[in-house]
Each structure stands twice: as structure tokens, then as C-alpha cells.
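Since every read-out is calculated from the coordinates, none of them should be taken as a lab result. Only a predicted model underlies this, so the values are computations on that prediction, with no experimental measurement involved. Glycine also receives a Cβ, built like all others from the backbone with ideal geometry; neighbour counts cover every protein chain displayed.
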Amino acid sequence: MTATSTLALTHASPVFELAKEVDNNKVTPGVLGFIVFAVIGVAVWFLMKSMNRHMKKVDFDEGPIDAGQGGVERGRAAQQPSN
């Protein structure tokens with residue numbers, strides 16, 4: 001072992017003592033789990049806000065459907081310039 005690793009282990013001994021007191025049968029997500037969950041929640045909130053903004057820009061007016069024309073013919077008729 002190098003001097004640095006020995007020094008790190010001697011200063012980390014209180015942490016190791018606390019770790020021995022932890023119940024090995026109990027698993028908790030801890031602070032890191034909460035932070036990850038909170039970041040995902042904030043990201044979803046921003047995504048929904050952005051989606052609502054984009055959906056408000058959509059202008060969709062559905063006209064009456066003619067029984068005689070199919071969707072393909074109606075689409076072609078809309079693309080052809082009128083004379």
C-alpha cells in the first residue's frame with residue numbers, strides 16, 4: 001500500500017464504523033435515489049410544458065367528409081392547382 005492509500009484508509013475509519021451499524025437486511029434508495037427521481041420529475045414537467053406549447057401551435061380544421069371521394073383522391077384534388 002502506498003502512503004496515500006494508507007492515509008485515506010485511516011481518515012475513512014469513522015465512515016467504516018458507521019457502515020458497520022447499518023442493517024444489512026434493510027435497503028433504502030437514499031439521497032441519490034431521491035435526487036434521480038426529482039430530476040426525472042422535473043424533466044417530465046419540462047417535456048409536458050413543451051408539448052403543450054407545440055400542441056397549441058397546431059391548427060387543424062377537419063372539413064366534412066364526402067362519401068363519393070376516398071382519402072387518396074381527395075388528397076390529390078387538394079394538391080392540384082385550380083384553373
Label-point separation in nm, LYS57 to VAL39, each point 7 Å along Cα→Cβ: 2.8
Residue-span extension gain [ASN25 to LYS49] - 0.36 nm each, minus C-alpha spacing: 4.5 nm
